[in-house]
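The values are calculated or read from the model by the stated rules, or taken from the named source; none is laboratory data. A quick note: this is a predicted structure, and the numbers were derived from the prediction, not measured. Counting neighbours? That spans all protein chains shown, and the Cβs are built from the backbone with ideal geometry, glycine included. The accessibility values were calculated without ligands, DNA or RNA, using every heavy atom of the protein model including side chains. Shrake-Rupley method; radii C 1.70, N 1.55, O 1.52, S 1.80 Å.
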Amino acid sequence: MIEEAKELSIKGIDFTGGEPLLVKEVFEYIEKARSLGLEVSLNSNVLLLNKEIAKFLKDNEVYLYVSIDGSNKDIFEKMRGKDNFDRLLNSIELLNKFEIPFSVIFSISSLNYFDASNMVKFAKNIGARELCMIPVIPSGEAKNTKIYIGSDLLIRTIKEVSEEAKREKYSVVLWCVPFVKSMNLNYYVVIDECHVFDYIDLAPTGDIMLCDVIDMPLSEIRTKSLLEALKEIEQNKFYNLLKERAKLCLGCNVATFCKGGCYARAYILENDISKPDPHCPKVLSPSK
């Protein structure tokens, strides 16, 4: 599949999970992708990182996204388990020793939203190139445990983070909240758009998913080539519905960029992929 990805002019592969360092074959896959000139990134909690792995990542020019859920031991270990904060810091030392470029990913939840602004200085101090923030999507266990937060609290948290980013002069990238493009945030905050039309979410099952947080396969590569799967996706009704989402918010000055916000949240919370993001303040209060 990696060879076919190269033939189809796909530029890079991001290995994620779960924890990809639990899969011993991931090193073989990374070497294969790099030998073909593909860019490679890895999403990891780095708790399994050691000198051998760090050297491998450096030698293969792998960009790292490090999942960190809190700026101190108490908050972090609520999510990541006892005694793991010190292991995290040891791994960060290795990343810096080997000069491996990395970003921090902070998932905003009811367990840590109050720590979000502190994460700006924390990420800066440990040498991360940027801090990426994403609200926990109400999917899977997060839906069962209800650790996701509502729109008002999310917006307040983002404003606090924006103010701290300006104070620290440090870059923060916001994922899965394209509607905040309409907010008066500062130069240091980058709002990422949805990449559904230029990324492929490939599940461990071999299914290509509409999004990695909703159980909606568009095609699969178990019996099809990647090219055949991509052609099938182009014909999928749900995939094509997403191309019309900007029309949901006619009159909004960021509709073209936002495209109706997160379709996964709309599907999960409203049971309708054709509805705008229920977390957008303009959806909640159209007068805004």
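Checking each residue in the stretch 256-276 for being surrounded by fewer than 21 Cβ atoms within 10 Å (Cβ to Cβ) and closer than 13 Å to Phe179 by Cα picks out Thr256, Phe257. Residue-level check: of (1) open to solvent by 20 Å² or more (accessible area, probe 1.4 Å); (2) out of contact with any strand residue (DSSP E or B) (no Cβ under 6 Å at 6 or more places or on another chain); (3) in contact (Cβ under 8 Å) with a residue 60 or more places away in the chain; (4) not small (Gly, Ala, Ser), Cys176 misses just (2). Can you name the residue in the stretch 210-254 that is modelled with pLDDT of 95 or more and small (Gly, Ala, Ser) and is also nearest to the chain's Cα centre (by Cα) among such residues? Filtering first and then ranking leaves Ser219. The residues listed here are Leu95, Leu131; of these, the one that is over 19 Å from the mean Cα position of the chain (by Cα) and buried (at least 16 other Cβ atoms within 10 Å of the Cβ) is Leu95. Evaluating Arg167 against the criteria (1) surrounded by 18 or more Cβ atoms within 10 Å (Cβ to Cβ); (2) farther than 25 Å from Phe15 by Cα; (3) of a type in the set (D, E, K, R) leaves one unmet condition, (1).
Listed residues Leu210, Leu269; which is closer than 22 Å to Tyr148 by Cα and part of a helix (DSSP H, G or I)? Of the residues listed, the single one that is closer than 22 Å to Tyr148 by Cα and part of a helix (DSSP H, G or I) is Leu269.
Consider Ala229 carefully, then state whether it is closer than 24 Å to Pro20 by Cβ, part of a helix (DSSP H, G or I), among the small types (Gly, Ala, Ser) and in contact with a Leu (Cβ under 9 Å, 6 or more places away or on another chain). Yes. Selection within the stretch 31-52: residues that are of a type in the set (Ser, Thr, Tyr) and part of a strand (DSSP E or B). The member of this set that is most open to solvent (accessible area, probe 1.4 Å) is Ser41. Going by the structure shown, is Leu284 among the hydrophobic types (A, V, I, L, M, F, W, C), open to solvent by 30 Å² or more (accessible area, probe 1.4 Å) and modelled with pLDDT under 95? Criteria met by Leu284. For the stretch 140-154, the set of residues classified as surrounded by fewer than 19 Cβ atoms within 10 Å (Cβ to Cβ) and over 18 Å from the mean Cα position of the chain (by Cα) consists of Asn144, Thr145, Lys146, Gly150, Asp152, Leu153, listed by residue number.
Among the residues examined, Val283 qualifies as closer than 19 Å to Pro138 by Cα, aliphatic (A, V, I, L, M) and assigned to a helix (DSSP H, G or I).
Filtered by the rule that a residue be open to solvent by less than 50 Å² (accessible area, probe 1.4 Å) and either part of a helix (DSSP H, G or I) or out of contact with any Leu (no Cβ under 9 Å at 6 or more places or on another chain) (or both), the stretch 53-80 gives Ile53, Ala54, Phe56, Leu57, Asn60, Ser67, Ser71, Ile75, Phe76, Glu77.
The set of residues from the stretch 157-194 being modelled with pLDDT under 95 and out of contact with any helix residue (DSSP H, G or I) (no Cβ under 8 Å at 6 or more places or on another chain) comprises just one member, Asn184.
Filtering the stretch 232-258 to residues that are of a type in the set (Val, Ile, Thr) and not in a helix (DSSP H, G or I) leaves only Val254.
Scanning the stretch 201-222 for residues that are out of contact with any strand residue (DSSP E or B) (no Cβ under 6 Å at 6 or more places or on another chain), surrounded by 18 or more Cβ atoms within 10 Å (Cβ to Cβ) and more than 24 Å from Glu141 (Cβ to Cβ) returns a single hit, Ile221.
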